[in-house]
Amino acid sequence: MNDNAIILFTRIPIPGKTKTRLQPFLTEDECCLLHSAFLRDIYRVLQEVEVCCDILVCYTPEGNLAELKALLPNADAFFPQHGQDLGEKMHNAICHAFDMRYGRCLLVGSDLPLLNAKALEEAFLFLADRDIVLCPTEDGGYYLVGMKEPCKEIFYLNYGVSTVFEETLALAGQSGRTCAVGVATMDIDEPQDLLQLAERLTQEDMNVCPETRAVLESFFRDGGRDYEHRPDTYR
């Protein structure tokens, strides 16, 4: 067991239950395929992190755990999410990691095909002299929260709005904790995000998120979607 842990916080991919905000641009089955591709790409990145750490998977109880384990082979632990809302679920997941005797813990989401290992390594470094680290998303949320001990206070807020990152920083300060800010990346929630990702990938190395890239290429090729001439609905 290492002193460091990364928690991958995710749903088990189920058609009709995952990435629902991408419907009807994608079908239920396509949303499930896309989420599965995200998970495979993110897991590869977690395994590339040069800081010695264990990979823990915190999942929604609904679904077949065996299917999730097949997507994330050899992860160090799997445990279910529990709590009344997103903030409580994230706090409980982090507490669970500390109960397992880890000294530093990062929690990341599962909608992050452009996640890179350097951002995670930097986050661990920040925790050498800061209490909390946050990495923002481009839409005003955050995709990573890390700490050396539980801090429930930063999870008392309304998620799903564009001020989540700023409010979390403010709550960290009000709780007396020092907080570092890591690099930003995009997460994929809406059709516009997916189209932007497809465009960005034309400028990225082919080794960047290969599973997601392959799934997107199949959608646009076989599904008759053209993100260069997309409908006004998704501009």
Helix 28-48 sits off the longest principal axis of the Cα atoms of the chain, rounded to the nearest 10 on a 0 to 90 degree scale, by 50 degrees
The Cα radius of gyration of the chain, divided by 2.2 N^0.38 Å with N its residue count, comes to 0.99
Using alpha-carbon coordinates alone, the radius of gyration and Dmax of the range 58-162 in Å work out to 14.1, 40
Compactness summary of the range 151-192: radius of gyration and Dmax from Cα atoms, Å, are 12.2, 39
Partner lysines whose C-alpha sits under 24 Å from that of Lys69, ignoring same-chain residues fewer than 8 away, are Lys17, Lys19, Lys89
GNM on the chain, Cα springs under 10 Å; top mean-square fluctuation among Leu107, Leu39, Leu171 goes to Leu171
Rounded to the nearest 10, the angle in degrees between the Cα long axis of helix 164-174 and the longest principal axis of the Cα atoms of the chain comes to 0 degrees
Contour minus Cα-Cα span, Lys17 to Glu204, at 0.36 nm per residue, comes to 64.3 nm
Residue separation between Ala184 and Ala128 times 0.36 nm, minus their alpha-carbon distance, gives in nm 18.1 nm
From most to least accessible, 1.4 Å probe, no ligand or DNA/RNA atoms counted, Arg177, Arg40 line up as Arg40, Arg177
Counting only protein heavy atoms with a 1.4 Å probe and every protein chain in place, the carbon and sulfur fraction of the accessible surface of the range 1-145 in whole percent equals 47 percent
Across Met100, Met90, Met186, the residue with the highest GNM fluctuation in the chain (Cα network, 10 Å cutoff) is Met100
Straight-line reach check, Lys118, cutoff 20 Å on alpha carbons, 8 or more apart in-chain or any other chain, hits among lysines -> Lys148
The local net charge around Lys118, scoring Lys/Arg +1 and Asp/Glu -1 for residues other than Lys118 whose Cβ lies under 12 Å from its Cβ, equals -4
From DSSP H assignment alone, runs of 4+ in the chain each adding -39500 (n - 2.57), the sum over residues rounded to the nearest 500 puts [θ] at 222 nm at -11500 deg cm²/dmol
Probe 1.4 Å, all chains present, heavy atoms only: Phe126 accessible area in Å², nearest 10, is 50 Å²
Checking Gly103, Gly176, Gly146 against a Gaussian network model of the chain (alpha-carbon springs below 10 Å), the top fluctuating residue turns out to be Gly176
Rounded to the nearest 10 degrees, the helix 191-201 long axis (Cα) sits at an angle to the longest Cα principal axis of the chain of 90 degrees
Taking only protein heavy atoms and a 1.4 Å probe, the highest-to-lowest accessible-area order of Asp139, Asp129 is Asp129, Asp139
For the chain, averaging the sequence separation of alpha carbon pairs under 8 Å that lie six or more residues apart and dividing by its residue count, the contact order in percent is 22 percent
D (µm²/s, integer) via Stokes-Einstein for the range 105-195, Kirkwood Rh across alpha-carbon pairs, 20 °C, 1.002 mPa s: value 160 µm²/s
Expected field for Glu217, accessible surface area in Å² at 1.4 Å probe radius, rounded to 10, holds 90 Å²
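The values are calculated or read from the model by the stated rules, or taken from the named source; none is laboratory data. For clarity, every value in this text was computed on a predicted model and none was experimentally measured. Backbone-built Cβ (ideal geometry, glycine too); neighbour counts: all protein chains shown. When the accessible area is computed, the model is the full protein with side chains, heavy atoms only, and any ligands, DNA or RNA have been set aside. Shrake-Rupley method; radii C 1.70, N 1.55, O 1.52, S 1.80 Å.
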